[in-house]
Amino acid sequence: MSEFVARIAGGVADLPRAQWDACAGSANPFVSWDFLTALEQSGSVGPGTGWQPLPIVIDGPDGTIAAAAPLYAKTHSQGEYVFDHGWADAWERAGGQYYPKIQIAAPFSPVPGPRLLLRDSTLGPALIAGIETLVERNDLSSAHATFVDPDQIALFEAAGWLIREDSQFHWHNKGYAGFEDFLAELSSEKRKNIRKERRRAVEGLEIVHLSGRDLTEAHWDIFWDFYQDTGARKWGRPYLTRSFFSILGETMADRILLMLALREGQAIAGALNLIGEDTLYGRYWGCREDVPNLHFELCYYQAIARGLDRVEAGAQGGHKLARGYAPQPTYSAHHIPNASFRRAVAGFLDAEREEVQRDRLWLNERTPFRKER
């Protein structure tokens, strides 16, 4: 590998937008300059959050960014959705200091995507080497790249990083002309169940889709209440600040889809999505009235009805299986310099991988699609 110089910036906002996005591409909104800087400018990451932005970049011969990675120094393991609390506990019981660690991620977003942003595709190994050097020069315990695009896993594996596997539930459009075409592919019982769920969920409600100029601060006030309620129940404290949503609405309105359920003109529930080139990414949901199956309607069925190639509805959720969302592998990569700790983690990952793959096979046998397919 030729000699390259990697440098660390104080934040993505400190780097030129056009240069960052030339590396990130346009397919995945979660690694875009707008999304990552909204996190920084809103205080959702940065001082006091345990997420210190330290993006790493390599400049090309023309002086512009040729490769980059959204990198953070983490002082905890919250907001990652790939759990390493047990590793941290074992490391510290052995007398080590697990934190700070290095995280290469789109914060708070369990969305597979590129973690090596490469305008020059040959610079992947150099970027990984730069991350490793940062870990070793600062005597850090580890570096973790989470929800890595499957196409990039081989680069991490070639560099000797440990690969971790898990599953998410995604919906794939197999050439359906509409929602009824999708339903026709399901078993009769599942098809009837979904129709019944949808009728009951929307009874007495109006569902509206908002994007672009239709989004207002009033809508963000409404959704902020939903987000706080859900966050308080799931995480104890919401990760995102109120201003994050306003900034996102200013800079990424055309890539946002906010779905609201209205009763007599008043919003009682909402689901926030980001729009990729061919994928709808479901991110946040909340409600102020408990309506049976409304979560499924807003987060799953309305998303399918948009007609994109794929819907990724977030982490976890075996209940998605019966609604046409099939298990897909997700990957993370882990650099652990300490040889004995690496061996212990590698053994754990081998056993975990077998269990995850068995579970995914079992789930694939239980999808709602007609078996004669």
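Every number in this text was worked out from the coordinates using simple rules, so none of it is lab data. As the structure is a prediction and not an experimental result, all values here were calculated from the model. Glycine gets a Cβ as well: all are built from the backbone with ideal geometry, and neighbour counts include every protein chain shown.
Observations on the model:
- Cα-centre dipole for the stretch 174-308 with unit charges at Cβ (Lys and Arg positive, Asp and Glu negative), debye to 20: 480 debye
- Net charge dipole size for the chain [Lys, Arg +1 and Asp, Glu -1 on Cβ; Debye, nearest 20]: 1080 debye
- Counted residue by residue at 0.36 nm each, then reduced by the alpha carbon distance between them, the extension gain from ASP14 to ASP221 reaches 71.6 nm.
- Within straight-line reach of LYS101, meaning a Cα separation under 14 Å, sit the following aspartates and glutamates at least 8 residues removed in sequence or on another chain: GLU80, ASP84, ASP89, GLU92, GLU132, GLU136, ASP139.
- Selected from TRP161, HIS209, PRO150, residue furthest toward positive end of dipole (the chain; charges at beta carbon): HIS209
- Positive dipole terminus of the chain, leading residue within HIS85, THR64, TRP33 (C-beta point charges): HIS85
- Those residues of the stretch 335-373 whose amide nitrogen sits under 15 Å from the label point placed on ARG93, 7 Å along Cα→Cβ: 341, 344-345, 348
- When each of the peptides 194-202, 253-261 is scored by how many other beta carbons lie within 10 Å of its residues on average, the order from highest to lowest is 253-261, 194-202.
- Net charge over other residues, Cβ less than 10 angstrom from the Cβ of ALA66 (K, R count +1; D, E count -1): -2
- When the Cα positions of GLY10, MET259, ASN193 are compared along the charge dipole of the chain, ASN193 comes out farthest toward the positive end, with charges on each C-beta of Lys, Arg, Asp and Glu.
- Nitroxide proxy distance, nm - points 7 Å out along Cα→Cβ at ARG263 and ARG137: 5.8 nm
- Summed residue charge, Cβ within 14 Å of LYS320's Cβ, Lys/Arg positive, Asp/Glu negative: +2
- Partner aspartates and glutamates for LYS174 [C-alpha distance under 18 Å; skip if fewer than 8 residues away on the same chain]: GLU185, GLU277, ASP278, ASP309, GLU312, GLU372
- The residues packed around ALA346, meaning those with a beta-carbon under 15 Å from its beta-carbon, carry a net charge of -2 if Lys and Arg are +1 and Asp and Glu are -1.
- The alpha carbon gyration tensor of the stretch 1-48 gives principal lengths a ≥ b ≥ c with a/c of 1.5 or higher and a/b no greater than b/c, which makes the shape oblate.
- The stretch 249-295 versus the stretch 199-221: alpha-carbon centroid distance in Å: 7 Å
- Take 216-222, 48-54 and order them by the average number of nearby Cβ atoms within 10 Å per residue, most first; the result is 48-54, 216-222.
- Computed from Cα atoms, the angle from the helix 124-137 axis to the main principal axis of the chain rounds to 60 degrees.
- Listed by chain and number, the aspartates and glutamates placed with their C-alpha closer than 16 angstrom to that of LYS196 are GLU180, GLU297; residues fewer than eight positions away on the same chain are left out.
- Remark: the Cα gyration tensor places the chain in the prolate category, a/c being 1.5 or greater and a/b exceeding b/c.
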